[in-house]
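Here the structure comes first, spelled out in structure tokens, and everything after it is commentary.
The values are calculated or read from the model by the stated rules, or taken from the named source; none is laboratory data. Quantities reported herein were computed from a predicted structural model and do not represent experimental measurements. For neighbour counting, all protein chains shown are included, and Cβ atoms are generated from backbone atoms with ideal geometry for every residue, glycine included. Please note that ligands, DNA and RNA were not included when accessible areas were found on the heavy atoms of the full protein model with its side chains. Shrake-Rupley method; radii C 1.70, N 1.55, O 1.52, S 1.80 Å.
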Amino acid sequence: MKRYITYLLLLTIVLPLVSCDKFLEDDPTDRIPMDEAYETVNDLWLNALASIYNNIGGSNASQGLQGTSRGVWDLNTFSTDEAIIPTRGADWYDGGIWQNLFLHRFGNVDFTGDTWNYLFKQVLACNRALERIDAFTAKHPSEDVTSLRAEVRALRAMFLFYAMDLYGRVPLFKNTNPTAQELKLQERSTAFHHIVDELQAAVHDLPVDRSPRPGTYYGRMTAPVADFLLAKLLLNAEVYADDDWTDNTRPNASSMMWMVEGEQMNTWQAVIYYCDLLGVYGYTLAASFNDNFSINNEESPELIFTIPMDIYNYSNRFTQQFRSLHYNHASALGLNGENGPCATIEAMRAFGYGEEESDNRLFWTYFIDEVHHALTSDPVLLDDGTPLVYYPMEAHLDVSGTPYEKTAGARMYKYEIDLASMSDGQLRRNDIVLFRYADVLLMQCEAMLRDGKAGAEADALLNAVRSRADMEPRPATLDNLLEERLLELAWEGWRRNDLIRFGQFTRPYTDRPQLDADVKGYTLVFPIPGETLTASGSKQNPGY
């Protein structure tokens, strides 16, 4: 009798980690005879690794690192001063979850648990792939699978990075049958060091190929992707090495030492090293900001890691843009908009909306004011025959009953509209940008400033990004840098990470008073799902 492997197979001890009705769903098409599944290295890639990549993007809510709703991207975006989903009359109240997310009432945002489940489902998939690699090696000792093993370790580290960033404490189990002890939540600093160690161990065995380029490594974990993650992790060292985020103190990253390629460096020197390395690999700014978000953005020299998109070949969805557009605006493009998310008033002020000299990226990032059809340039009309106008400075938590109920707020543009897209614009050809080189330059600039090296070199890094947008140079200061990260990286899912690192996440701003939980630091992380706490005997994060 043939043994069959089932991709979603888990033992009972892991059930509390995940949503049982979905995670254990038996899919016959996912079954492969064991004696046929792993006969060659290519079999190993297809049957042990490929399915992990299918889940970096997603097609359902709470799946994927970007593209879908109610997941990683929403938690990192709508909890900040970058974007908001106003209640618009009968639309977008949804039990109060969007208001609660914006107000930092995270215990009342139900999809925080779904996002945890998604991330650890991928950790489990990586563990399973490593077990399959070990079994293959035992059967085929002459085959070299070093690179595949490194690839999976780095992927697992990436998913753990997102989980640790969002939730603080995470389990670090390395198998598909963890005990209750192995499921215990580890302190954040322990998880942080573990993730860095895993990436440093894996990176030398990864190819240096460009992941965003179609070919063998399209959309895959490569050395540059791992180096980007190492820079991002170390840039946030003072946050991630802090096991008590409620005491208003952080460790000093300048005194933390790291072994990098046999040389001991402080944290900021290590960040600079990894950023420099990406330049050595040949990454550079694209000639145009918009090249990174065009329909055919695979050739941008700036992109480091993306989620591959295609109308016919991939199931990944990109929902952010069509969620944002007014119904009539989307309809004029052949789509079906949901008229929801928009920029905050704070974001519009940063971009200089309404000022004589606004940032050029305002017009590349948002639909604002009167809206025109992409092909004919004719005004898009409301149902009453008047032109559709977006009102950026009317974006509030609840616009119900106001004249701006359906038109408040600047809407998401950034990605070129693909008029050949399907499924209401969700299936499209623009690859979703996860990591890019402009972020690297800004990280390097920040590390220099934090290492006490303000001056011409730091200024040049900041102004390389500004110059590409045809903006006047500015001195590199931490305040200018935080604003630049919003101007350059809006809608890319980094705002929460940035605000926490800069100590600005819990401050009050328009429509968001500072809660007592913010003052005490509780809201710097999200709550851990109760089922996980029960399974592991761990305590909930403070304040929840």
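Its DSSP H runs of at least 4 residues, each contributing -39,500 (n - 2.57), put the calculated 222 nm mean residue ellipticity of the chain at -11000 deg cm²/dmol, to the nearest 500.
Rounded to the nearest 10 degrees, the angle from helix 111-139 to the longest Cα principal axis of the chain is 30 degrees.
Once the chain from Arg250 to Glu131 is taken as fully extended at 0.36 nm per residue, the excess over their C-alpha distance is 39.0 nm. With all protein chains in place and ligands, DNA and RNA left out, the 1.4 Å accessible area ranks Asp197, Asp383 as Asp383, Asp197, largest first.
For the pair Leu419 and Asp383, label points projected 7 Å from Cα toward Cβ lie 2.7 nm apart. Put the Cα centre of region 474-500 next to the Cα centre of region 358-410 and the gap is 25 Å.
By the gyration tensor of its Cα atoms, with a ≥ b ≥ c the square roots of the eigenvalues, what is the shape of the chain: rounded for a/c under 1.5, prolate for a/b over b/c, or oblate? Mind dumping the intermediate values first?
Values: a/c = 1.42, a/b = 1.29, b/c = 1.10.
Rounded, because the longest to shortest axis ratio a/c is under 1.5.
Taking all protein chains as they are arranged and a probe of 1.4 Å, the heavy atoms of Tyr53 leave approximately 30 Å² accessible to solvent.
Placing +1 on each Lys and Arg Cβ and -1 on each Asp and Glu Cβ, with no other charges, gives the chain a dipole about its Cα centre of roughly 1200 debye. For the chain, the relative contact order comes to 18 percent (Cα pairs under 8 Å, sequence separation of at least 6). Of the whole protein surface, Ser288 contributes about 40 Å² of accessible area at a 1.4 Å probe radius. FRET efficiency for the Asp243 to Val519 pair, using the beta carbon distance and R₀ = 22 Å, is estimated at 0.65. Measuring nothing but protein heavy atoms, the accessible surface of the chain at 1.4 Å probe radius is 48 percent carbon and sulfur. In the chain, the longest principal axis of the Cα atoms and the axis of helix 267-280 are about 90 degrees apart.
Taking loop as defined by DSSP and a crowding limit of 16 other beta carbons within 10 Å, which trypsin sites (Lys or Arg not before Pro) in region 395-456 fit?
Taking region 395-456 and a limit of 16 other Cβ atoms within 10 Å, the loop trypsin sites (Lys or Arg not before Pro) found are Lys453.
Over the chain, average the accessible area per residue using a 1.4 Å probe and give it in Å², no decimals.
On the way: 20480 Å² over 544 residues.
Here the residues of the chain average 38 Å² of exposed surface.
Remark: relative contact order (region 409-484) = 21 percent; criterion is Cα-Cα distance under 8 angstrom and separation of 6 or more residues.
The Cα center of region 279-294 and the Cα center of region 175-248 differ in position by 24 Å.
Of all lysines in the structure, those lying under 27 Å Cα to Cα from Lys453, and not within fewer than 8 positions of it along the same chain, are Lys232.
Tell me the GluC sites (Glu not before Pro) within region 333-400 that lie in a loop according to DSSP and have at most 11 other beta-carbon atoms within 10 Å. Could you put the intermediate results ahead of the total?
On the way: sites: Glu338, Glu346, Glu355, Glu356, Glu357, Glu370, Glu394; in loops: Glu338, Glu355, Glu356, Glu357.
Within region 333-400, the qualifying GluC sites (Glu not before Pro) (loop, at most 11 other Cβ atoms within 10 Å) are Glu355, Glu356, Glu357.
Per-peptide packing, taken as the mean over residues of other Cβ atoms within 10 Å, places 517-525, 150-158, 473-481 in the sequence 150-158, 517-525, 473-481 from highest down.
Compute the relative contact order of region 50-196 as a whole-number percentage, counting only Cα pairs closer than 8 Å that sit 6 or more residues apart in sequence. Walk me through the intermediate numbers first.
Details: 165 pairs, mean separation 22.3, N = 147.
Relative CO of region 50-196 lands at 15 percent.
The calculated FRET efficiency for the pair Met257 and Ile311, based on their C-beta separation and a Förster distance of 41 Å, comes to about 0.25.
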